[in-house]
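Beneath this line is the structure, given in structure tokens, with notes to follow.
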Amino acid sequence: MTNQFSLDGRVVLITGSSQGIGLALATACAEAGAHIVINARSTDKIEVAVAMLRDRGHQATGHAADVTDQEQVEDMVVATERDVGPIAGLINNAGIQRRAKFLDFALDDYRQVMETNLVAPFLVAQSVGRRMAERGAGRIINIGSVQSQLGRPTIVPYAASKGGLLMMTRGMCADLGPLGIQVNSIAPGYFATELTEALVNDETFSQWVADRTPAGRWGQIEELGGAAVFLLSDAASFINGQTLFVDGGMTAVV
Ligand SMILES: NC(=O)c1ccc[n+]([C@@H]2O[C@H](COP(=O)([O-])OP(=O)(O)OC[C@H]3O[C@@H](n4cnc5c(N)ncnc54)[C@H](OP(=O)(O)O)[C@@H]3O)[C@@H](O)[C@H]2O)c1
């Protein structure tokens with residue numbers, strides 16, 4: 001019997017994958033057989049991540065690029081398709097957080113969050129999507145958040161960007177579905193990474209996460225890999241435009 005969840009030989013580009021959730025998704029997809037393209041801005045961290053995957057016997061290549069820069073994005077996609085192969089899967093994962101009360105939020109910080117979390121996925125998906133459309137096949141996953149659906153104090157731009165990404169996923173599904181491209185979103189709950197370090201170290205906040213989550217704890221980043229492998233695999237061949245919340249039940253309850 002063929003393994004419906006295999007990603008054997010498929011090239012998967014994951015933005016912001018030198019650490020944290022992106023690297024966990026990269027590891028899971030590599031274990032399922034994909035050739036992973038690791039992306040971030042910092043070359044050092046890319047090299048470490050690529051070496052780690054190769055040491056484990058996986059196929060991996062690195063490409064440094066700032067995904068908010070259209071020229072760098074286009075160069076990365078051209079180089080990947082030329083040197084590694086046609087991109088079968090794209091995960092728009094790179095994301096940043098800035099915190100301040102709404103009335104004090106600096107416009108520059110607001111713009112930075114939007115550029116990384118909402119403009120960059122558009123740029124990368126457009127560049128990769130044009131090539132997928134020529135081949136009539138491809139999978140795109142946008143990494144949202146529980147903030148795709150829930151607000152919280154001090155993170156208005158983050159919530160706006162992740163809420164926007166949920167609707168971008170649906171809009172992309174409408175435009176790209178007829179071209180053979182499936183677009184879905186994974187919306188993680190609270191996971192301990194560099195992005196959330198301050199929150200993890202804040203005992204009161206950490207306890208609030210445990211109390212607010214039916215699973216009673218923070219997520220481990222390894223728990224996100226299965227959703228990505230599934231959505232990139234043949235097992236998800238008729239799933240399009242959906243947002244899968246991997247949040248221990250947080251968005252299901254008040
Ligand atoms: N951690 C959580 O609990 C959580 C929950 C829900 C959703 N998420 C989402 O999951 C994604 C990953 O989060 P994380 O916690 O793993 O973050 P992280 O640990 O801060 O890692 C972010 C990654 O993105 C890269 N990056 C940032 N800006 C970039 C840019 N302009 N171009 C290319 N790469 C860039 C970083 O490398 P460089 O700095 O070298 O570029 C790094 O590899 C984000 O979209 C985040 O919103 C996280």
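The values are calculated or read from the model by the stated rules, or taken from the named source; none is laboratory data. Here the structure is a predicted model, which means the values were calculated and not measured. FYI the Cβ positions are ideal-geometry reconstructions off the backbone, even for glycines, and counts take in every protein chain you see.
Before moving on, here are some points about what is shown:
- Being among the polar types (S, T, N, Q), away from the ligand (no atom under 14 Å from the Cβ) and closer than 30 Å to Asp108 by Cβ holds for only one residue in Gln126, Gln147, Gln242, Gln182, and it is Gln126.
- Test: Ile140 is in contact with a strand residue (DSSP E or B) (Cβ under 8 Å, 6 or more places away or on another chain) and among the hydrophobic types (A, V, I, L, M, F, W, C): yes
- Meeting the requirement of 2 or more residues that are over 21 Å from Ile221 (Cβ atoms) and at pLDDT 95 or above, the strands (runs of 3 or more DSSP E) wholly within region 12-100 are 59-64, 87-92.
- From the list Ile46, Ile21, the lone residue that is near the ligand (Cβ under 9 Å from one of its atoms), within 22 Å of Leu123 (Cα to Cα), of a type in the set (A, V, I, L, M, F, W, C) and free of Cβ contacts under 8 Å to residues at least 40 places away in the same chain is Ile46.
- Checking each residue in region 129-144 for being surrounded by fewer than 23 Cβ atoms within 10 Å (Cβ to Cβ) and either of a type in the set (Asp, Glu) or within 11 Å of the ligand (Cβ to nearest atom) (or both) picks out only Glu134.
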